[in-house]
Protein chains: 2
Amino acid sequence: MSATVSPLAPKSYPDMPSIRGVRMATAAAGIKYKNRTDVLLMAFDRPAVVAGVFTKSKCPSAPVDHCRASLGHGVARGVVVNSGNANAFTGKKGKEATALTAKSAAAALGCDENEIYLASTGVIGEPLDATKFSGVLGDMATGATGDFWLEAAKAIMTTDTYPKVATRTAEIGGIKVTINGIAKGAGMIAPDMATMLSFVVTDADIAARALQGLLSAGVEPSFNAITVDSDTSTSDTLLLFATGAASADGQKTVETADDPALSGFKLALNDLLMDLALQVVRDGEGARKMVEITVTGAESDAAAKKIALSIANSPLVKTAVAGEDANWGRIVMAVGKSGEMADRDRLAIWFGDVRVAVGGERDPAYSEDATTAVMQKQDIPVRVDIGLGEGKATVWTCDLTKEYVAINGDYRS
Amino acid sequence: MSATVSPLAPKSYPDMPSIRGVRMATAAAGIKYKNRTDVLLMAFDRPAVVAGVFTKSKCPSAPVDHCRASLGHGVARGVVVNSGNANAFTGKKGKEATALTAKSAAAALGCDENEIYLASTGVIGEPLDATKFSGVLGDMATGATGDFWLEAAKAIMTTDTYPKVATRTAEIGGIKVTINGIAKGAGMIAPDMATMLSFVVTDADIAARALQGLLSAGVEPSFNAITVDSDTSTSDTLLLFATGAASADGQKTVETADDPALSGFKLALNDLLMDLALQVVRDGEGARKMVEITVTGAESDAAAKKIALSIANSPLVKTAVAGEDANWGRIVMAVGKSGEMADRDRLAIWFGDVRVAVGGERDPAYSEDATTAVMQKQDIPVRVDIGLGEGKATVWTCDLTKEYVAINGDYRS
């Protein structure tokens, strides 16, 4: 947690309604931080359906291993998240820590260990002393409450400067359902996945396969389209739980992701995932500006995304944004290095509504003043048309500032 | 050119001998910089054999287009290089500028335009006014001298803080030959190619195909194994010229790169390319530390190089180095995100001679003090053993500092 809140933080937080079937509690276990909460317990009163997406890292954390194994079981009774220590690259001790946590949480909630989901975020390589919080999970389970989303989001923060929450409603077969989500992440943020940790809960009644289908599709244009620093975490975890409590109102279980009954829910879920993902990138370490990069006219959507990410991950582009310098030559560079088809003489580039380059050279009507005015804003839209096909994609990133270097040059110690 | 010389700069420069058959001159044309030289002319008294390697950017500069076209012709009489403007993404005007420069240089040297090689470095997207120097090429050709390597290296600098020169000798069939090289580059440096501009000249008598073979092989472990910021320039150009003057001493033309007569020359050339490449990375924008990353035990050499570059390009690794923080967890992260096969439980990591992680967790004998002592040095060797195969590779990078952000946040304006 930083003393200074990102200038890109939301101006206000939504009122987060309770979601029937889930309760939460937090605790201050002193894992790394002082005078703040660092453990979150989510408890599902009845087994919740669960879907998950995890880091593609070849060196995943122990909690990611645990979640992947639990997912096969298919239902969740509890989630334990700690901040301050990622329990990644911690060998046997890491596995012992996840085992102890799962066992303690299962005892507290009266369920099986494979109904417990775990996530840890913080420094890599330090053994996690799970005894610091395993003893309090019972009390946490007893005291857990439904109206606790913002506090939950705070407990899982690391270098985040603000908690990230979002809520949406939708109707399934005429029955109103709610979706709430929290997320954390500020650095080591890159596809795929982009967030470090996010937990989304709905009271809708949706079968496991449908839920996983919705989540896998929803993550692509949201969490998998943001990057802070191109560094992919060992711990990225996005879990979606469906408590099914809306069945009490008459909502019928939906079995498949493509069921038309889910169309409204799908929109609401995707919108919520996008909201959380953008909150993550807006809290990028040291960020002062947000950049939305849209690539059109590429050979395919995949090519467009690769070009857009090449721009979004370029240190030279990101430092230029930090310096409010409309250095569109670096956009050309980043397009050129992406490896995707491009024809210099067909490229066009816009900052905001100002076209700065077209037909392989600077726009004849180029205005330094107009371009600079765009660069001085907090949110900067960049558009690149490749001029070759129909492929398009949008990704989001932030600028690269001296504060990013300062934050990351002295994080561990 | 920066006011402050990189702390990683060479302590002294070698005496650069003349190379028979090549002369050089510089001029101050005021393309962008004041009170310094910014144009270099290299003149070959007789047609020199030439080999080249260029950026893989899909948006190459106009001079790169020109050089690629000339290479088919196979011999060189002159090279014109300017700093301050890359003549990249400059459309028709860019082509007109290269045409004018080639025409003027050909007139000055009494040769064909396709015997002229061109390179430009500096800002992208600004039209280059070649009339600023096209008129003085005649005088430059007349005044050119053989003993001018360091001045030549100075004229092609942009954000470089020191000129980069190297010299080697070798024997071919008992006849002594010399190789001299200059390079420039400090940012927008990443494979492939890593340097922005480098020009190497030998008096050896080597046929075009053999020369190209030597250069293409030599660039892989040198210029293609360094990265400052993962950003590949539109303008990267490495040219190798053989004047053939040593034939006057009895050196017989070598026709193929694998001719045993070239074994000593090959070593000397590769050593010189490595020397220049390391000088480039040691002048990385804002660099205070140099990091040598060796990956062993990967599935293949290619996999090892990909993992090594994933580490070398990670902003989180580079900022940790800047902060003298032995944050080896970020090395694990970078191995994991590379996409190459890795087994967390077989990884071992060393900083210098200190093994910090082994068998999937922190080394039991880990000493923070010993590790910190390594991190406080100027040159930091990092070794990662993947534990899966025989593949190995070494790459070099520098740290990511606040100065990098400062330099690149305000370069263009």
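The values are calculated or read from the model by the stated rules, or taken from the named source; none is laboratory data. Predicted model only: the values in this text are computed from it and were never measured. When we count neighbours, we look across all protein chains shown, and the Cβ atoms used for this are built from the backbone with ideal geometry, even at glycine.
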Exercise. Consider A:ILE349 carefully, then state whether it is of a type in the set (A, V, I, L, M, F, W, C) and within 30 Å of A:THR121 (Cβ to Cβ).
Key: no
Exercise. Give the residues of the range A:288-308 that are charged (D, E, K, R) and within 18 Å of A:SER230 (Cα to Cα), sorted by residue number.
Key: A:ARG288, A:LYS289, A:GLU292, A:LYS305, A:LYS306
Practice problem: Pull up the range B:368-407, narrow it to residues that are part of a loop (DSSP other than H, G, I, E, B) and out of contact with any helix residue (DSSP H, G or I) (no Cβ under 9 Å at 6 or more places or on another chain), then point me to the one that is surrounded by the most Cβ atoms within 10 Å (Cβ to Cβ). | Solution: B:LYS377
Practice problem: Filter the range B:88-110 for residues that are free of Cβ contacts under 8 Å to residues at least 60 places away in the same chain, under 21 Å from A:ASP363 (Cα atoms) and either within 11 Å of another protein chain (Cβ to nearest Cβ) or not small (Gly, Ala, Ser) (or both) and give the result. | Solution: B:THR90, B:GLY91, B:LYS92, B:LYS93, B:GLY94, B:LYS95, B:GLU96, B:THR98
Exercise. Return only the number of the condition from (1) crowded, with 23+ Cβ neighbours inside 10 Å; (2) over 20 Å from A:SER18 (Cα atoms) that A:GLY213 does not satisfy.
Key: (1)
Quiz item: Somewhere in the range B:333-354, is a residue part of a helix (DSSP H, G or I), within 16 Å of B:ARG383 (Cβ to Cβ) and at the interface with another protein chain (Cβ under 8 Å from one of its Cβ atoms)?
Solution: yes
Quiz item: B:GLY84 is checked against (1) small (Gly, Ala, Ser); (2) under 23 Å from the mean Cα position of the chain (by Cα); (3) away from every other protein chain (no Cβ under 14 Å) and fails just one. What number does that condition carry?
Solution: (3)
Quiz item: Has the range A:361-370 got at least one residue that is more than 7 Å from chain B (Cβ to nearest Cβ), touching a residue at least 24 places away in the same chain (Cβ under 8 Å) and over 13 Å from B:ILE124 (Cα atoms)?
Solution: yes
Quiz item: Considering the range B:56-79 alone, what residues qualify as being charged (D, E, K, R) and more than 14 Å from every other protein chain (Cβ to nearest Cβ)?
Solution: B:ARG77
Quiz item: Just to be sure, is B:LEU238 of a type in the set (A, V, I, L, M, F, W, C) and over 27 Å from B:LEU40 (Cα atoms)?
Solution: no
Quiz item: Does the range B:266-286 include one or more residues that are more than 16 Å from the chain's Cα centre (by Cα), of a type outside the set (D, E, K, R) and within 14 Å of chain A (Cβ to nearest Cβ)?
Solution: yes
Quiz item: Just for the range A:100-125: of the residues that are closer than 28 Å to A:THR232 by Cβ and out of contact with any helix residue (DSSP H, G or I) (no Cβ under 8 Å at 6 or more places or on another chain), which one is modelled with the lowest pLDDT?
Solution: A:GLY122
Quiz prompt | B:ILE182 vs. criteria more than 26 Å from B:LYS93 (Cβ to Cβ) and within 14 Å of another protein chain (Cβ to nearest Cβ) | solution = no
Quiz item: Can you name every residue in the range A:161-177 that is surrounded by fewer than 21 Cβ atoms within 10 Å (Cβ to Cβ) and part of a strand (DSSP E or B)?
Solution: A:THR167, A:THR169, A:GLU171, A:ILE175, A:LYS176
Quiz item: What pairs can you find where one residue is in the range A:316-329 and farther than 22 Å from A:ARG344 by Cβ and facing chain B (nearest Cβ under 7 Å), the other is aromatic (Phe, Trp, Tyr) and surrounded by fewer than 24 Cβ atoms within 10 Å (Cβ to Cβ), and their Cβ atoms are less than 9 Å apart, with a gap of 6+ or different chains?
Solution: A:THR319/B:TYR411; A:GLY323/B:TYR411
Quiz item: Got a sec? Which helices (runs of 4 or more DSSP H) wholly within the range B:26-139 have at least 1 residues that are closer than 24 Å to B:ALA208 by Cα and touching an Asp or Glu at 6+ places or on another chain (Cβ under 8 Å)?
Solution: B:62-71, B:91-109
Quiz item: Quick one: is A:TYR33 surrounded by 16 or more Cβ atoms within 10 Å (Cβ to Cβ), outside the structural domain of A:VAL200 (by TED's automatic domain parsing) and among the aromatic types (Phe, Trp, Tyr)?
Solution: no
Exercise. Among the residues of the range B:275-304, write down those that are buried (at least 24 other Cβ atoms within 10 Å of the Cβ) and either in a helix (DSSP H, G or I) or of a type in the set (Asp, Glu) (or both).
Key: B:LEU276, B:ALA277, B:GLN279, B:VAL280, B:VAL281, B:ARG282, B:ASP283, B:GLU285, B:ALA304
Self-check item: Test set (1) within 12 Å of chain A (Cβ to nearest Cβ); (2) within 27 Å of the chain's Cα centre (by Cα); (3) not hydroxyl-bearing (Ser, Thr, Tyr) - B:GLY391 fails condition number
Solution: (1)
Quiz item: Which of the residues spanning the range A:140-155 are in a helix (DSSP H, G or I) and either in contact with a strand residue (DSSP E or B) (Cβ under 8 Å, 6 or more places away or on another chain) or not assigned by TED's automatic domain parsing to the domain that holds A:LEU276 (or both)?
Solution: A:MET140, A:ALA141, A:GLY143, A:TRP149, A:LEU150, A:GLU151, A:ALA152, A:ALA153, A:LYS154, A:ALA155
Quiz prompt | Qualifying residues in the range B:205-246 (those that are in a strand (DSSP E or B) and over 30 Å from A:GLY329 (Cβ atoms)) - the one farthest from the other protein chains (Cβ to nearest Cβ) | solution = B:ILE206
